[in-house]
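First up is the structure itself, then whatever we jot down about it.
Each value in this text was obtained by applying a stated rule to the coordinates, not by laboratory testing. All of these numbers come straight from a predicted model, not from anything done at the bench. Using ideal geometry, Cβ is built from the backbone for each residue, glycine included, and neighbour counts are taken over all protein chains shown.
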Amino acid sequence: MMRDGITRVAQVNSTKQKLSQAYLRLLASQPDNAKLSVRKLCLEAGVNQTTFYRHYKNSVDFVHQVWHGYNEFLFENVIIDGRIKLPQWFQFVEEHHTEAGNLIQNPEFVKLLIKDLFQAMSQDENNKIEFQLYSVALVSVTKYWIEHGFKYTGIYMNNVFNEMYGSNDSDHPVNQFFDFEL
């Protein structure tokens, strides 16, 4: 009986992975989520539409779950000891440039990224405004970098962000959120 449960979980995860990968492929050729049809997504993924609706209410629910999943994956790789390791942030974006480039073009995804980033960092109320400012700045700088074809290296981007917002003062709020060390 336990074996069947494990097999079922593996099947569900495999189906969700196929759908997510199909979504990211389709996004590359069709960046507008509004034009994304469940039928087209399922065809691309090789998944039955009935199966899709077992896991998701509709395409909006699906897209939001994919976005949250992407953000969680990003944060697992860049948030260390409660701070965002900026060299890892830029390295992650560079390594996942296709997905990052397609997702960051969507203003709704950008809003969700900033919101998820804030929640992942679980900052106290006293630093809420500062962290919001730094988060928006980081996402904006990253978006600019992507839109300009990764013209600069990740290390250069880390150094630019450090020059703009970094501080040698260990008590400065920016140092509570970011680690600029390579």
Where does the Debye-calculated log10 I(q)/I(0) of the stretch 30-107 sit at q = 0.16 Å⁻¹, using only Cα point scatterers of equal weight, no solvent?
-0.72
Fewest to most Cβ atoms within 10 Å: V12, V47 sort as V12, V47
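Kirkwood hydrodynamic radius (Cα pairs, Å) of the stretch 98-147?
Working: mean 1/r = 0.0881 Å⁻¹.
The answer is 11.3 Å.
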Find which of H96, I79, T51 sits farthest along the positive direction of the dipole of the stretch 51-182, computed with +1 on the beta-carbon of Lys and Arg, -1 on that of Asp and Glu, about the Cα centre.
T51
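I'd like the FRET efficiency for R25 and Y53, computed as 1/(1 + (r/R0)^6) with the beta carbon distance as r and R0 of 30 Å, rounded to 0.05. Could you put the intermediate results ahead of the total?
Numbers: r = 21 Å, r/R0 = 0.69.
In this case the efficiency is close to 0.90.
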Could you size up the charge dipole of the chain around its Cα centre, putting +1 on the beta carbon of Lys and Arg and -1 on that of Asp and Glu, and report it in debye to the nearest 20?
1220 debye
The long-range amide H neighbours of D179, using H built 1.01 Å from N in the peptide plane and a cut-off of under 5 Å, are I84, K85, L86
Size of the chain as Cα extents on the principal axes (Å, biggest first)
56, 41, 27
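Tell me the Kirkwood hydrodynamic radius of the stretch 82-176 in angstroms, computed as one over the mean inverse distance between distinct C-alpha pairs.
Details: mean 1/r = 0.0720 Å⁻¹.
It works out to 13.9 Å.
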Please report how far the C-alpha centroid of the stretch 64-117 lies from that of the stretch 34-62, rounded to the nearest whole angstrom.
23 Å
